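The values are calculated or read from the model by the stated rules, or taken from the named source; none is laboratory data. Quick caveat: nothing in here was measured; it's all calculated off a predicted structure. Here the Cβ positions follow ideal geometry from the backbone for every residue, glycine too, while neighbour counts run over all protein chains shown.
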Amino acid sequence: MMRKWDVILGTAAVIFALAAVHAPAQRITVDGTRFLVNGREIFLNGANTPWNRWNDFGTGNYDPAWWDSHMQVLNGHGINCIRVWISCNGGGIRINPDGTVTGVTASFFSDLDQFFGLAEEHQIYIFATLLSFDHTKSGNPNYLAYRACFNDNEKTASLVDHYVLPFVNRYQDNPYLFAIDACNEIEWVHENAEAGSIAWDRLQYLVAAMAVGVHSAGPVLFSMGSAAVKWNSDSPGEGNKWKDSALQAQLNDPKAFLDFYSPHWYGWVARWFGNPCAKSPADYHINDRPCIIGECPARGMFTQDSQGKDVLVNNPTEMYEKAWQKGWRGVFPWTSNGVDANGSIADFGSATLAFLENHRERVYPAETGVGAVPVLQPGGLRISCHPNPFNSRTVIRCSTDRPDSVRIRMFDANGRMRRTVLKGRNPGAISAWSGTVRTIRAKSCLPGYFSAASRRIRNERSQRSYWWNDIITFSSPPGGAVHF
């Protein structure tokens with residue numbers, strides 16, 4: 001169906017004939033050894049932001065202002081995905097002494113609702129780590145209960161039914177929930193007596209049960225943050241504990257598998273098993289699915305000398321670039337917010353920006369879609385609207401490549417101008433997506449679209465207009481018409 005509107009932009013009246021195009025989702029999917037967004041390959045220009053305050057969610061520790069501010073910093077450095085610990089050592093989860101999980105705390109989901117709203121607003125994918133070896137570590141709250149949970153099929157089922165599935169079901173419609181990380185470095189639960197020395201088959205059953213639950217629920221991807229490729233490779237290594245056949249030997253279900261591998265890499269790992277910046281997933285015989293570097297020092301890629309002292313091999317900029325060249329599909333330094341001596345975004349922020357500059361099409365592959373950082377339009381204007389469609393609110397982002405005057409106006413479906421969303425000077429941002437943000441709530445607008453223009457546009461008017469239910473992209477010379 002064709003409709004026409006008279007749209008006033010600057011001082012020129014421009015008539016456009018427009019046809020609605022369905023707004024694509026931003027869900028990350030797997031295709032062979034690659035991650036895709038709307039059919040285009042994406043590289044996870046990532047970081048670990050595991051917690052602000054230990055056990056952020058459901059414990060009274062959640063600080064939305066901190067997460068909002070830090071996500072702005074992350075977004076400004078071209079980081080498109082972060083790994084976050086949802087429960088650090090049991091926070092937010094209700095568990096009985098016998099190991100039966102009964103649910104989550106009263107504030108758990110209200111905290112996470114705000115958190116995922118921020119992730120969507122700042123357009124950062126979340127790799128959600130649900131458990132850690134800390135849950136079974138001696139002295140931590142309920143550590144004996146978690147050991148009992150991991151050692152018993154029925155108790156493990158209660159964990160899946162009352163923690164994993166409620167989490168996944170609540171957020172799986174948000175495309176910025178990228179994936180579930182079953183457990184942080186679960187191998188230490190087997191290797192260390194202080195974490196329980198739990199048998200491999202029990203840990204494999206736990207991961208398999210979680211995988212089946214997640215894959216049965218919907219499209220969210222599933223992985224497991226292995227402490228080292230030592231336990232994530234048949235050669236070199238002690239055997240891949242997390243390959244499909246290993247998991248399905250403990251739980252006979254075809255949905256018991258990892259969508260991608262995410263081993264961690266520190267100096268001791270590189271010393272004994274090689275540097276991933278020099279070796280590909282194929283060198284570890286794990287190239288049957290995407291592979292990311294789920295943790296590594298924020299200060300760069302290290303190995304160790306014969307005395308066990310860390311030695312820098314690749315600085316952060318080299319680390320991202322060389323990992324990409326070797327076929328790894330993402331890099332996640334530990335950590336963006338400097339929780340320990342491994343460094344912070346001050347160490348690797350220039351690296352993520354460099355990777356963005358060199359591979360923008362891989363960091364933001366869906367730049368023509370809803371919710372992505374848009375391409376720099378003629379005249380230096382960037383604009384996006386997300387989520388679209390929306391139920392309660394949407395966020396309009398606008399940026400220019402240098403200081404400029406920008407106007408965004410909202411029109412209803414009949415072409416009547418309803419409100420001016422933004423009119424004024426925009427500070428501009430060349431290498432990072434920042435600029436001006438406006439939040440629009442459903443109660444304050446009717447179905448329609450918004451249109452924006454930069455005064456510096458001379459020879460071509462290029463705008464991005466969005467239905468609240470469909471996306472429309474158009475470009476026209478001043479006074480011209482575009483027919484779809």
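Listed by position, the helices (runs of 4 or more DSSP H) inside the stretch 164-217 whose residues that are of a type in the set (A, V, I, L, M) number at least 2 are 165-171, 200-217.
Taking the criterion of being in contact (Cβ under 8 Å) with a residue 40 or more places away in the chain and among the polar types (S, T, N, Q), the residues of the stretch 59-100 that qualify are THR59, GLN72, ASN75, ASN80, SER87, ASN89, ASN96, THR100.
Yes or no, residue by residue, for (1) more than 22 Å from PHE127 (Cα to Cα); (2) of a type outside the set (D, E, K, R); (3) over 22 Å from the mean Cα position of the chain (by Cα); (4) at pLDDT 95 or above:
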{"site": "VAL212", "(1), (2), (3), (4)": "no, yes, no, yes"}
{"site": "PRO236", "(1), (2), (3), (4)": "yes, yes, yes, no"}
{"site": "ASP253", "(1), (2), (3), (4)": "yes, no, yes, yes"}
{"site": "HIS264", "(1), (2), (3), (4)": "no, yes, no, yes"}
{"site": "GLY267", "(1), (2), (3), (4)": "yes, yes, yes, yes"}
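For the stretch 238-271, the set of residues classified as of a type in the set (Ser, Thr, Tyr), outside any loop (DSSP other than H, G, I, E, B) and buried (at least 24 other Cβ atoms within 10 Å of the Cβ) consists of TYR261 only. On the stretch given as the stretch 214-231, residues that are surrounded by 24 or more Cβ atoms within 10 Å (Cβ to Cβ) and out of contact with any strand residue (DSSP E or B) (no Cβ under 6 Å at 6 or more places or on another chain) total 3. Of all the listed residues (ASP340, ASP347), the sole one being of a type in the set (Asp, Glu), at pLDDT 95 or above and assigned to a loop (DSSP other than H, G, I, E, B) is ASP340. State whether the residues of the stretch 120-133 include one that is touching a helix residue (DSSP H, G or I) at 6+ places or on another chain (Cβ under 6 Å), in a helix (DSSP H, G or I) and under 21 Å from MET224 (Cβ atoms). Looking through the stretch 120-133, at least one residue is touching a helix residue (DSSP H, G or I) at 6+ places or on another chain (Cβ under 6 Å), in a helix (DSSP H, G or I) and under 21 Å from MET224 (Cβ atoms).
Restricted to the stretch 37-95, and to residues there that are within 30 Å of LYS155 (Cα to Cα) and aromatic (Phe, Trp, Tyr), the residue that is surrounded by the fewest Cβ atoms within 10 Å (Cβ to Cβ) is TRP54. Within the stretch 69-106, restricting attention to residues that are closer than 17 Å to ILE180 by Cβ and either among the small types (Gly, Ala, Ser) or assigned to a helix (DSSP H, G or I) (or both), the residue that is nearest to the chain's Cα centre (by Cα) is SER87. Residues in the stretch 272-297 that are in a loop (DSSP other than H, G, I, E, B) and in contact (Cβ under 8 Å) with a residue 60 or more places away in the chain: ASN287, ASP288, ARG289, PRO290, ILE292. Condition test on ASP234, is it of a type outside the set (Val, Ile, Thr), without any contact (Cβ under 8 Å) to a residue 60 or more places away in the chain and either closer than 20 Å to ASN153 by Cβ or part of a helix (DSSP H, G or I) (or both)? When the stated conditions are applied, ASP234 does not pass them.
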